[in-house]
Each structure stands twice: as C-alpha cells, then as structure tokens.
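*Asks:* The structure that follows is given in the form of structure tokens.
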Amino acid sequence: MASITTNSLVKEYPGGVRGVDEMDVTINDGEFFALLGPSGCGKTTLLRTIAGLEKSTSGSIRIGDREVTNLEPGQRRVAMVFQDYALFPHMSIADNISYPLKIQKVSKQERRTSAEDVGGKLSLQGLLERRPGQLSGGQQQRVALARAVSSRPDVFLFDEPLSNLDARLRLEARTFLKKLQLDLGVTTVFVTHDQAEALALADRIAVMRSGKLQQLGTPREVFQRPANTFVASFVGSTPMNLLEGTVRDGQVQIGNSAVPLPQSAAGLAGEGQTVTWGARPEYLDVATSTKAGSLAGSVTVSENLGAAVLLTVQLDGHDQDVQVVVGEDFEPAIGTSVWVTSEPRRTLLFDSEGLRIGD
Amino acid sequence: MTAEQRGATPAREGRNMLGHFLGLMGKTVFTALVLAFFVIPVLWLVFAPFDAHPSLNVKLPEFTFNNFKVLLANPNAIGSLGNSLILALGSMVLVLVLGSLASYSLSRVRIPGRDVLLYTLLLLSSIITGTAAMVPTFLLMVKLGLIDSQFGVILVLSGGILPTVIFILKDFMDSTPKSYEESARLYGARPLRILWDVVIPLARPGLATIAVWAVVQVWGNFLVPYILLRSPSKSPAAVVMYTFYTEGGQPNLALISAFSLLFSVPVIAMYFFVNRRYGFRFHGGIKS
C-alpha cells in the first residue's frame with residue numbers, strides 16, 4: 001500500500017510527440033484514481049510509465065517512499081490488468097492466478113493454496129482447472145484481477161478494465177470492482193475514456209488532454225465545477241451546453257435573449273467581455289410561455305431517453321443549439337416555441353480562453 | 001427453320017458428349033501418370049526389400065527376409081542409422097535452441113536493417129550447405145580441427161538450416177501478443193523466463209514443425225557428412241548406403257532396398273507422432 005507521486009513527468013516519443021507532458025500528480029494511499037480523457041490523450045501512456053513499461057523521458061515517479069523512476073517493472077511492486085486481460089492461454093486458471101508467485105519461487109503447494117484462496121475471493125471456485133479460452137469475458141476479467149491480487153502489489157493499475165465487456169455485464173463488473181477495491185484498500189489507478197465509469201468508480205479523477213492535466217478533483221468537482229470548457233464538454237452523459245455570448249448590464253446576452261450571470265461569476269465578468277455560458281442539459285428546464293431571463297427558441301429534435309426526454313432547441317437569433325433534459329411527460333411537437341430557463345447557481349461562465357471564471 | 005433446328009440439335013449434342021468424354025479421358029490419364037510418377041518409387045520401396053532377386057523394376061516379390069539378414073551382417077549398416085540419429089537430433093536441438101533465441105530477439109528488438117538481414121541470411125543459407133561453398137567450408141573445418149567429427153557436421157548443417165528456421169519462427173514470435181510478456185514482466189519475470197514460460201509454449205506448433213523439418217533435412221543430407229567425415233564408423237546412413245556395391249561393382253539392390261526401407265521408417269514415424277501430438281502449422285496466430 002502506497003501513494004504515487006509524479007514530478008514533472010514527461011514521456012516523449014521519437015519525433016517529439018509528448019504522450020505525457022509535465023505531469024504533477026499525487027495519488028493518495030488507498031485511493032481509487034481515474035485517468036480520464038479521449039483516446040490519444042496520453043492516459044494509457046501515463047499508466048504504462050508508472051508501471052515501467054514505458055521509460056520516462058524526464059521527471060520522476062515515487063511509489064510510497066521509493067523512487068521507482070529507473071526501476072524495472074518487476075521491481076516496482078505494481079500489478080496491472082490489461083485491456084485484453086493478457087491471460088496465458090496455455091496455462092490453467094490456477095496457474096495463471098499463481099504465476100506471480102511462480103516467479104517469486106514459491107513452492108507448488110503454496111501456489112495452489114494461494115490460487116484457491118484468491119480464486120475463492122473472486123468467485124472463481126470450480127473454474128481453476130479450466131483454460132482462459134473456456135471462460136466468459138467477465139470470468140476472464142476476474143481471473144486477471146485475481147492474478148493481480150495474488151502478487152500482493154503496492155499499487156493496482158487497470159487499463160480500460162471494463163471496455164471488453166458487454167453493456168449489461170459492465171455495470172455488474174463496475175460494482176464488483178468498486179467493492180473489491182474498497183475491501184483490499186490498495187491504491188488503484190485506472191484508465192478510462194468513459195466519463196460515466198470514472199464518475200461512478202473513482203475517488204478522484206484526473207482529466208487529461210494531449211498529455212496535459214486539465215483538471216484534478218473528485219467526481220463532484222469535475223462534474224459541477226469543470227476547470228475549462230474541455231472538461232465541461234467531456235464529462236457528463238450529455239455534454240454541457242456551451243453558448244457564446246457577451247456580458248451586458250450584469251446579464252449574458254446570447255442571440256436575442258439574455259440570461260442572468262452565473263452566481264459563481266458574479267462581479268468577476270467585465271462589461272462587454274466575450275464569454276462562454278455553460279449549463280448542463282439536466283439543470284435546464286423549458287417553459288411554454290415567455291419568462292424573464294430565459295432563452296427563446298423552437299424545438300428541432302426530441303429524443304426519448306426512457307425516464308426523460310432530451311430536447312434540442314434552436315435559439316432565436318443565435319447559431320448554436322441548446323439541449324435540455326425534461327421530464328418524460330413533456331413531449332412538445334417539433335417547431336413548438338419554448339423558453340429555456342436556468343438557475344444562476346447551476347450555470348457557469350468561461351472566459352474567451354475557455355477557463356472557468358470564479359470558483 | 002424449325003425442322004432444321006430439330007435436326008441440328010442431336011448432332012451438336014453428340015459432338016458435345018464426345019468432347020466431354022475426351023476431356024475426361026485426358027484428365028484421367030494425366031492424373032494417372034502423375035500418380036504413377038510418385039507411387040511407383042514408393043511401391044518399389046515396399047516390395048523390393050522382400051524380393052529374393054530385387055531389380056529396378058516394380059514387381060510382386062518372391063517373398064524373403066534374406067535381404068535384411070544380409071544387411072544385419074554388414075558391419076556399418078545399423079550403426080550408421082544410429083549416426084544419422086545423432087546428427088539429426090543434435091542439429092535439431094541446436095537449431096531449436098539457437099533459432100528460438102534468435103527469432104525471439106529479432107522479433108522484439110528493433111535493429112536497423114533487420115528485414116534485409118533476414119532475407120540475406122535466407123538467400124545465403126542455401127549456399128552454405130550447398131556445393132558452391134563446399135571447398136571453403138572444408139578448409140574452415142580443417143582449420144578448426146573438426147574434420148571427421150560428428151559435432152563439426154552438426155555445426156555446418158545447423159548453420160545451413162538456421163536462417164530458414166529463424167525466418168519461420170520469427171513469424172510465430174511476432175504473433176504472440178505483447179501484453180502477455182508485459183504482464184509477466186510486471187510480475188518480475190526476466191526475458192529468458194518469459195521466453196520459456198510464455199512465448200515458447202505459444203509457439204509450440206511452430207517449433208514442432210521446425211523440429212521435424214530440421215530432422216528431415218539432416219537425415220537426407222549426403223554431401224556434408226560425405227565430405228567432412230572419414231571413418232565409416234561415424235558415417236550416417238545416407239553415406240553408408242553409397243558403399244553398398246557387389247563384388248562386381250554393381251549396386252547391391254538387395255542391400256540398398258532393405259536399407260532404404262529402414263532408412264525411411266524413422267522419419268515417417270516421427271511425422272505421424274508430431275502431427276498427432278502438436279499438429280503442423282506454418283504460420284503463427286493466437287486466438288485470444
């Protein structure tokens with residue numbers, strides 16, 4: 001059990017592309033930590049650099065009180081679960097689980113006991129004699145986890161742990177993973193491109209883009225107080241509405257309408273400043289009659305989400321659409337004039353660089 | 001018009017049938033000839049050893065085991081099969097060990113000009129054990145003091161086989177997913193350990209193919225042992241067979257046929273054994 005600290009960590013590929021660019025992150029002991037970002041953002045590179053599978057170009061990595069920057073992967077006391085699980089197809093499940101112990105020259109008898117013990121904890125009883133090819137995706141994943149557990153590492157590293165499972169199984173595996181991490185209390189870093197997965201599992205999330213850290217915070221912070229427009233649009237199952245506007249008379253002018261200044265940005269935006277007004281579709285509402293401080297427009301698309309409806313509203317006098325999640329009972333006809341209302345404490349303001357104004 | 005058409009149809013049909021028949025005949029005769037070309041030597045190999053008066057013709061034998069009795073009395077015959085076995089197995093082991101190590105490293109480490117190196121080696125390999133390089137090879141072995149040494153023969157033969165082996169095995173090594181090795185590496189396995197625990201087991205069908213191929217290559221090789229070995233007691237079967245003449249200077253077909261049968265049995269047996277146990281595959285590919 002240990003914390004992980006990276007200090008100005010850089011991983012540069014031949015040709016000058018930086019997979020990881022000046023990363024300073026501290027992952028606390030026992031924390032469930034997510035690296036979130038779109039594909040190619042460097043999250044997997046960072047994970048592999050922590051594991052030692054990639055050599056860092058500069059900067060340092062510490063695990064616990066050990067400096068591991070130049071250590072071999074096998075000396076770092078980390079266990080990694082790969083996206084394809086990397087189970088050895090020619091070994092039985094028991095041999096797969098106890099393979100780390102085989103390397104440590106543990107006796108055959110003890111390895112068997114350990115495999116049964118760890119396999120039992122991950123509900124793999126009765127599968128120990130089989131080969132990986134005979135197991136379902138979910139079972140294979142549990143074998144990969146069991147192998148990681150049996151090596152008794154200081155740190156777990158998961159590379160897209162749920163991406164190879166089908167949608168229904170993924171939900172089940174997610175809960176299982178969270179419970180396992182809580183039970184073991186081992187510091188865990190996992191990589192995902194699925195924001196819902198990161199929000200659901202992690203204690204803290206690092207959002208990355210082009211090798212750079214965009215924001216580091218709890219799921220609540222990342223969701224409610226995104227540091228910039230990138231994080232705002234990446235996190236959330238429906239992306240945040242980001243509308244261009246200008247500050248005028250203590251309001252934000254968007255097209256023909258004006259909305260109240262977000263509470264968090266009160267007194268911080270200058271008159272005439274070009275800004276981006278951000279509001280999550282879930283936090284917006286629609287009215288069928290005009291209201292002060294609302295955005296006027298007409299419904300162009302209505303998508304049923306089951307318990308809710310996602311409306312796309314074209315704003316009057318503005319070329320951006322706004323999306324609103326409304327209750328399932330409200331199903332306006334296409335073309336209906338609506339007024340989109342917002343709450344100032346639920347909206348955010350970003351400056352022309354895309355950074356959030358206020359706290 | 002209609003009458004003419006009706007009259008023409010049977011004639012055309014007849015011509016078509018004749019053409020079809022001739023085509024079929026041609027195909028059958030051709031197939032039979034090709035088949036005979038391959039089958040007749042095999043039939044000779046099966047019949048002649050049991051014939052009291054073997055000739056170069058294939059005929060039903062006047063049945064006898066006498067040829068084998070004469071063969072057993074020959075001082076070098078059975079021992080030479082043992083020598084062939086030493087050369088074949090020795091080369092096989094050497095080729096498998098060196099070939100796995102070389103192909104694994106060539107598959108994993110990026111060297112500039114790696115592919116050119118591989119193709120050049122492949123091209124040159126046919127020369128090393130071939131006639132063209134026989135004089136320099138002989139001189140080299142003289143300098144090394146490896147004339148009349150079975151080890152020397154094993155070295156030369158392995159050298160000729162290795163490039164092809166590396167070429168084929170590299171394909172198997174390439175197809176082993178990197179994540180298997182990385183996973184083992186994270187648990188502290190060193191490269192040789194990973195090769196032994198993970199890569200070799202996955203490349204086993206390839207190694208089996210290579211092993212059989214190497215044995216067959218060495219088993220049938222005449223030139224290299226003929227030139228590098230002096231003592232008849234060290235010569236392999238392929239060379240000893242060359243010495244089977246009658247007092248009159250004619251090839252002793254009784255001995256040669258019986259010996260040929262014994263000579264081919266081990267290779268055929270090994271083929272069936274390996275095919276059963278591992279199955280042959282000439283390319284890699286892991287199902288995950």
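*Asks:* Please label the shape of region B:162-225 as rounded, prolate or oblate, based on the square roots a ≥ b ≥ c of the eigenvalues of the alpha-carbon gyration tensor (a/c under 1.5 means rounded; beyond that, a/b larger than b/c means prolate, else oblate).
*Replies:* Prolate shape, in that a/c is at least 1.5 and a/b is the bigger ratio.
*Asks:* Would you kindly state the longest site-free stretch of chain B, with sites defined as trypsin sites (Lys or Arg not before Pro) in a DSSP loop (not H, G, I, E, B) surrounded by at most 16 other Cβ atoms within 10 Å?
*Replies:* So the longest stretch without any such site is B:111-229.
*Asks:* For region B:74-286, give the magnitude of the charge dipole about the Cα centre (Cβ charges: +1 Lys/Arg, -1 Asp/Glu; no others), in debye to the nearest 20.
*Replies:* 520 debye
*Asks:* Whenever you get a sec, line up A:Ile254, B:Ile111 from highest to lowest accessible area (probe 1.4 Å, protein heavy atoms).
*Replies:* Final ranking, largest accessible area leading: B:Ile111, A:Ile254.
*Asks:* Using the alpha-carbon centroid of each, what span in Å lies between region B:206-238 and region A:328-359?
*Replies:* First find each Cα centre; the distance between them is then 83 Å.
*Asks:* Over the Cα atoms of chain A, what radius of gyration and what Dmax do you get, in Å?
*Replies:* Rg and Dmax of chain A, Cα atoms, are 24.4, 78 Å.
*Asks:* Right, here's the next one. Under a cut-off of 20 Å between alpha-carbon atoms, report the aspartates and glutamates in cross-link reach of B:Lys234, not counting same-chain residues fewer than 8 places apart.
*Replies:* Cα-Cα hits under 20 Å: B:Asp148.
*Asks:* Ok, one more. How tilted is helix A:137-150 with respect to the longest principal axis of chain A? Cα atoms for both, answer in degrees (0 to 90, nearest 10).
*Replies:* Taking Cα atoms only, the helix is inclined about 60 degrees.
*Asks:* Setting aside same-chain residues fewer than 8 positions from A:Lys178, which lysines have a Cα under 17 Å from its Cα?
*Replies:* Once the sequence-local lysines are set aside, what remains near A:Lys178 is A:Lys121.
*Asks:* Something else: Helix hunt in chain B: which complete DSSP H runs extend at least 20 Å axially by C-alpha with mean Kyte-Doolittle at least 1.6?
*Replies:* Helices meeting the span and hydropathy rule in chain B are B:114-128.
*Asks:* Same structure, new question: Can you pull out the GluC sites (Glu not before Pro) in region A:70-145 that DSSP calls coil and that have at most 13 other Cβ atoms within 10 Å?
*Replies:* Counting only loop positions with at most 13 other Cβ atoms within 10 Å, the GluC sites (Glu not before Pro) in region A:70-145 are A:Glu129.
*Asks:* Lysines within cross-link reach of A:Lys212: Cα-Cα under 20 Å, excluding same-chain residues under 8 positions apart?
*Replies:* List returned: A:Lys11, A:Lys43, A:Lys55.
*Asks:* For the protein assembly as shown, what is Rg from Cα atoms divided by 2.2 N^0.38 Å, rounded to two decimals?
*Replies:* 1.48
*Asks:* Moving on to the next point. Answer with one residue from B:Met92, B:Ile194, B:Ile227: the one whose Cα lies farthest towards the positive end of the charge dipole of region B:74-286, charges on Cβ with Lys, Arg +1 and Asp, Glu -1.
*Replies:* B:Ile194
*Asks:* Now a separate question. In the full protein assembly as shown, how much of B:Val135 is accessible to a 1.4 Å probe, in Å² to the nearest 10?
*Replies:* 100 Å²
*Asks:* Give the residue list of chymotrypsin sites (Phe, Trp or Tyr not before Pro) in region B:117-223 that are DSSP loop and have at most 16 other beta-carbon atoms within 10 angstrom.
*Replies:* For chymotrypsin sites (Phe, Trp or Tyr not before Pro) across region B:117-223 that sit outside H, G, I, E and B with at most 16 neighbouring Cβ atoms in 10 Å, the list reads B:Phe222.
*Asks:* Let me ask you something else. For A:Ser92, what accessible area in Å² do you get when you roll a 1.4 Å probe over the heavy atoms of the protein chains, rounding to the nearest 10?
*Replies:* Surface accessible to solvent at A:Ser92 totals approximately 20 Å².
*Asks:* Please work out the C-alpha center-to-center distance from region A:126-168 to region B:35-93 and express it in whole Å.
*Replies:* If we compute the Cα centre of each part, the gap is 57 Å.
*Asks:* In chain B, once you exclude exposed GluC sites (Glu not before Pro) (DSSP loop, at most 14 other Cβ within 10 angstrom), what's the longest stretch remaining?
*Replies:* Longest run free of exposed loop sites: B:63-246.
*Asks:* Can you put B:Thr131, B:Thr164, A:Thr187 in order of accessible area, largest first, using a 1.4 Å probe?
*Replies:* Largest to smallest exposure gives the sequence B:Thr131, B:Thr164, A:Thr187.
*Asks:* Rounded to the nearest 10 Å², what accessible area does A:Arg142 have for a 1.4 Å probe in the complete protein model?
*Replies:* 50 Å²
*Asks:* Then there's this: Given H placed 1.01 Å from N in the peptide plane, which residues other than close sequence neighbours of A:Thr57 have an amide H under 5 Å from its amide H?
*Replies:* A:Val10, A:Lys11, A:Glu12
*Asks:* For region A:328-359, run through the chymotrypsin sites (Phe, Trp or Tyr not before Pro) and keep only the ones in DSSP coil with at most 15 other Cβ atoms within 10 Å of their Cβ.
*Replies:* Passing sites in region A:328-359 are A:Phe330.
*Asks:* Using the crude model of +1 on Lys and Arg Cβ and -1 on Asp and Glu Cβ, and no other charge, please compute the dipole size for chain A relative to its Cα centre, in debye to 20.
*Replies:* The calculation lands at about 1640 debye.
*Asks:* When the helices in the protein assembly as shown are scored as -39500 (n - 2.57) per DSSP H run of 4 or longer and the sum is shared across all residues, what 222 nm value do you end up with, to the nearest 500 deg cm²/dmol?
*Replies:* After summing the helix terms and dividing by the residues of the protein assembly as shown, the value is -14000 deg cm²/dmol.
The values are calculated or read from the model by the stated rules, or taken from the named source; none is laboratory data. As the structure is a computational prediction, the values presented were derived from the model and not from experiment. With ideal geometry, Cβ positions are generated from the backbone for all residues, glycine too; neighbour counts draw on all protein chains shown. These accessible areas exclude ligands, DNA and RNA; they are computed on the full protein's heavy atoms, side chains included. Shrake-Rupley method; radii C 1.70, N 1.55, O 1.52, S 1.80 Å.
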